[in-house]
Amino acid sequence: MPTYTFKLNGKAVTTTAPSDMPLLWVLRDKLGITGPKYGCGVGVCRACTSHLDGKEIQPCLVPVRDCAGRRVTTIEGLAAGAALHPVQQAWLACDVAQCGFCQPGQIMAAVALLERTPHPADADIDMIENVCRCGTYHRVREAIKQAAGRG
Ligand code: FES
Ligand code: FES
């Protein structure tokens, strides 16, 4: 089986896996990174949303071979030590989470949106397709606006 090395949340990791194994499986089952959630496995629910080289991805769709030598960031790598990312702070301030299952993916999608569009309009926020079965969408929107600095 081939071996792959990539940077995971700032640290180099090496894993042995079939080349077509989805990154989500590698993260959760081989590397113990369980922030990205398994919901659908086919790129629809977006509960697994993470970043590859700073861009949003759904790791259930990305084979591990495509991550070699690149930077993978999950919710576990978002905070700078004890200092939460501004989006995480806004999430807490707006008390967004309900059951929490979709929330790592929601936050990673929000961070990616704000990096692309620092002051998103409602229409930009509506482009986020992450599913929340608890219906926290209005609080997600509020938190994104707060993180964007327009309360
Ligand atoms: S588990 Fe990846 S999009 Fe649903
Ligand atoms: S908070 Fe429960 S699925 Fe989103």
> Which members of the stretch 119-144 meet the condition of being surrounded by 16 or more Cβ atoms within 10 Å (Cβ to Cβ), over 21 Å from residue 48 (Cβ atoms) and either of a type in the set (Ser, Thr, Tyr) or over 18 Å from the mean Cα position of the chain (by Cα) (or both)?
Replying inline: 120, 142
>> Can you tell me which of (1) under 28 Å from residue 15 (Cβ atoms); (2) within 16 Å of ligand 2 (Cβ to nearest atom); (3) not aromatic (Phe, Trp, Tyr) is the one residue 94 doesn't meet?
In response: (1)
> Among (1) surrounded by fewer than 23 Cβ atoms within 10 Å (Cβ to Cβ); (2) in a loop (DSSP other than H, G, I, E, B), where does residue 96 come up short?
Replying inline: (1)
>> Which residue is surrounded by the fewest Cβ atoms within 10 Å (Cβ to Cβ), if the candidates are limited to the stretch 41-57 and must be hydrophobic (A, V, I, L, M, F, W, C) and either at pLDDT below 95 or within 16 Å of ligand 2 (Cβ to nearest atom) (or both)?
In response: 44
> Looking at residue 87, is it modelled with pLDDT of 95 or more and within 16 Å of ligand 1 (Cβ to nearest atom)?
Replying inline: no
>> Please determine whether any residue of the stretch 4-13 is in contact with a Pro (Cβ under 8 Å, 6 or more places away or on another chain) and farther than 21 Å from residue 109 by Cβ.
In response: no
> Does any residue in the stretch 43-55 that is among the acidic types (Asp, Glu) come within less than 6 Å, Cβ to Cβ, of a residue that is surrounded by fewer than 24 Cβ atoms within 10 Å (Cβ to Cβ) six or more places away or on a different chain, and which pairs are these?
Replying inline: 53/70; 53/71
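Residue-wise test of (1) among the hydrophobic types (A, V, I, L, M, F, W, C); (2) within 23 Å of residue 102 (Cβ to Cβ).
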| site | (1), (2) |
| --- | --- |
| 3 | no, no |
| 19 | no, no |
| 23 | yes, yes |
| 34 | no, yes |
| 38 | no, yes |
> Taking the stretch 58-84 as the search range and keeping residues that are more than 10 Å from ligand 1 (Cβ to nearest atom), at pLDDT 95 or above and in a loop (DSSP other than H, G, I, E, B), which one is surrounded by the most Cβ atoms within 10 Å (Cβ to Cβ)?
Replying inline: 74
>> Return the residues of the stretch 25-40 that are near ligand 1 (Cβ under 9 Å from one of its atoms) and either outside any loop (DSSP other than H, G, I, E, B) or surrounded by fewer than 23 Cβ atoms within 10 Å (Cβ to Cβ) (or both); say none if nothing qualifies.
In response: 37, 38, 39, 40
> Quick one: would you say residue 106 is assigned to a helix (DSSP H, G or I), in contact (Cβ under 8 Å) with a residue 24 or more places away in the chain and among the polar types (S, T, N, Q)?
Replying inline: yes
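The values are calculated or read from the model by the stated rules, or taken from the named source; none is laboratory data. Keep in mind that this is a model prediction, so the values were computed, not measured. Note that each Cβ is placed from the backbone with ideal geometry, even for glycine, and that neighbours are counted across all protein chains shown.
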